[in-house]
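Inspection log for the structure reproduced underneath, given as structure tokens.
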Amino acid sequence: MNNWIDEIVKNTNFSQNKPLRDVVYESLRTTIITGKIPVGERIIEKEYADKLKISRTPIREALKKLQSEELVEYIPKYGVVVKTVTKDDALEVYKIREALEILIIDNTIDNITENEICQIKNLLDLTELKNSEGKLDEVQNLFKEFNDSIYKSSKMNRLPLMISQLNDYLHHFRNISILDENRRKNAIFEHRKILEAIVNKDRDLAEKFIKKHLKDSLSIVLKEI
């Protein structure tokens, strides 16, 4: 049996008060976007069902949902496999994300509070400290917290979810990018400049650094692909 089956089992939480198909979907999705299942690997319903001692129906339903998200694809006479992320996929994701991020920042400039600004400044200071200590897992979490704080300050509810779904699609590659020391330092600098632009209500500067930030991230993703 494939080793990644154990990863799926580990990510499957039956204690949740959710339909079985949703539990299976979430466990499969988490295992795929964290790169635990190799690209091109076939997901065999029977293996998963036997391991969890459940029917194949919720697995089949979960795979259909993942197929609609383009995380897996069905190949005739072969089965369902983890989908390969192409350069065109990455370019499209980042083009969409850039438009959404600029819209988010535009609203953040109008709605952020002084208290939120102070919290984000402290967050950036902590990120710099953890980076200097080489604590990459914490830096990664703090990067996410920075984004979440900016999104929350925009007072927009739907756009952050859309961006999150886009990010999930390239999750594995974005995790790899954090291993690059120069990229981490540049990302922290860019985050500071974005916050500075927000504080000064400088939309042009904010847009400039959002585009630079995403362009730098995209270049590493394309290199890995």
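Numbers for the structure displayed
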quantity: Per-residue HN-Hα couplings for the range 198-205 [Karplus 6.51, -1.76, 1.60; θ = phi - 60°; Hz; x = Gly/Pro]; calculated: 5, 4, 8, 6, 9, 5, 5, 5
quantity: Net length gained if the chain between Leu103 and Glu61 were fully extended (0.36 nm per residue, minus Cα distance); calculated: 11.7 nm
quantity: Under the Karplus curve 6.51 cos²θ - 1.76 cosθ + 1.60, θ = phi - 60°, whole-Hz ³J(HN,Hα) for the range 93-102, x wherever Gly or Pro sits; calculated: 4, 6, 5, 5, 4, 4, 4, 5, 5, 5
quantity: Loop GluC sites (Glu not before Pro), the range 71-135 (other Cβ atoms within 10 Å of the site Cβ: 12 or fewer; DSSP); calculated: Glu133
quantity: Lysines with Cα under 18 Å of Lys95, excluding same-chain neighbours fewer than 8 positions away; calculated: Lys87, Lys208, Lys211, Lys212, Lys215, Lys223
quantity: Gyration tensor verdict on the range 87-224 (Cα atoms; rounded if a/c is under 1.5, prolate if a/b is larger than b/c, oblate otherwise); calculated: oblate
quantity: Pairwise label distance in nanometres, Gln16 with Asn3, each label 7 Å out on the Cα-Cβ vector; calculated: 2.6 nm
quantity: Virtual spin-label span in nm between Arg158 and Tyr74, 7 Å along Cα→Cβ; calculated: 2.9 nm
quantity: For the chain, calculated [θ]222 nm from helices alone, where every DSSP H run of n ≥ 4 adds -39500 (n - 2.57); calculated: -23500 deg cm²/dmol
quantity: In Hz, Karplus ³J(HN,Hα) per residue of the range 22-27 (6.51, -1.76, 1.60; θ = phi - 60°; x = Gly, Pro); calculated: 6, 4, 5, 4, 5, 5
quantity: Under 30 Å from Lys18, Cα to Cα: lysines that are on another chain or at least 8 residues apart; calculated: Lys10, Lys36, Lys46, Lys51, Lys53, Lys64, Lys65, Lys83, Lys144, Lys152, Lys155
quantity: Gain upon complete extension [Leu91, Leu136; 0.36 nm per residue less C-alpha separation]; calculated: 13.6 nm
quantity: Most fluctuating residue given options Pro160, Pro76, Pro38, as computed from a GNM of the chain linking Cα atoms under 10 Å; calculated: Pro76
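Read the figures in this text as sums done on the coordinates, not as results from a lab. Given the structure is predicted, the values throughout are model-derived calculations rather than measurements. Counting neighbours? That spans all protein chains shown, and the Cβs are built from the backbone with ideal geometry, glycine included.
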